[in-house]
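Throughout, read-outs are computed from the coordinates displayed, never taken from laboratory work. All of these numbers come straight from a predicted model, not from anything done at the bench. Please note: Cβ atoms are built from the backbone with ideal geometry, for glycine as well, and neighbour counts cover all protein chains shown.
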Amino acid sequence: MAAWELIPVSCGINLVVDESGIDVGLVVGNLEQSLAFYTNILGLDISGRMHLPRVGKIIFLRAGCSAIKLIQRESEPGVSVVRGGLRGNAAGLRYLTVHVKDLAGLVARCDAAGHKVAMRPKIFAASVTIAAIEDPEGNWIELQHQS
């Protein structure tokens, strides 16, 4: 088996994701810092805003056919992000992968803005380059470019 290849798997369930993609909600401690990162550094556009009583503020960011929802709760979260992506000693969602056209440019923008580049660009497979950056809350965003 090659270092990286897609393996067809059949588990008896057919999940069909429509063109809307998959949305991810991130609870953040500082909405303005996170919003600046996702819009100014990653270049995502705001597609909506709302307030849910007993939950808090939600900002929807368009990411291709999917969305990232930044959520600032009315009350402080009891637990913060376990930093470190896959290296972090915790279960659960450890990172998001975003397929990008200009991986080197995004890494350079992170460096220039003082955001942590957790993993410098490296060739992962014959035509795939990856890197990982941290958002202001410590969530890892894997950047993937396929040439």
24 Å Cα-Cα threshold exceeded, pairs from LYS69/LYS116; LYS69/LYS122; LYS69/LYS101 = LYS69/LYS122
When ranked by the protection proxy of mean other Cβ atoms within 10 Å per residue, highest first, what sequence do the peptides 133-144, 106-117, 62-73, 41-52 form?
-> 133-144, 62-73, 106-117, 41-52
With +1 on each Lys and Arg Cβ and -1 on each Asp and Glu Cβ, and nothing else charged, work out how big the dipole of the stretch 23-146 is about its Cα centre, in Debye to the nearest 20.
-> 160
So who's got an amide H within less than 5 Å of the one on ARG73, skipping anything under 5 residues away but keeping other chains? H placed 1.01 Å off N, in plane.
-> VAL28
Please list, in chain and number order, the residues 5+ apart from SER47 or on another chain whose amide H is under 5 Å from its amide H, with Hs placed from the backbone.
-> PHE60, LEU61, ARG62
FRET E, pair ALA112, ASP23, Förster distance 25 Å, beta-carbon r, rounded to 0.05 = 0.30
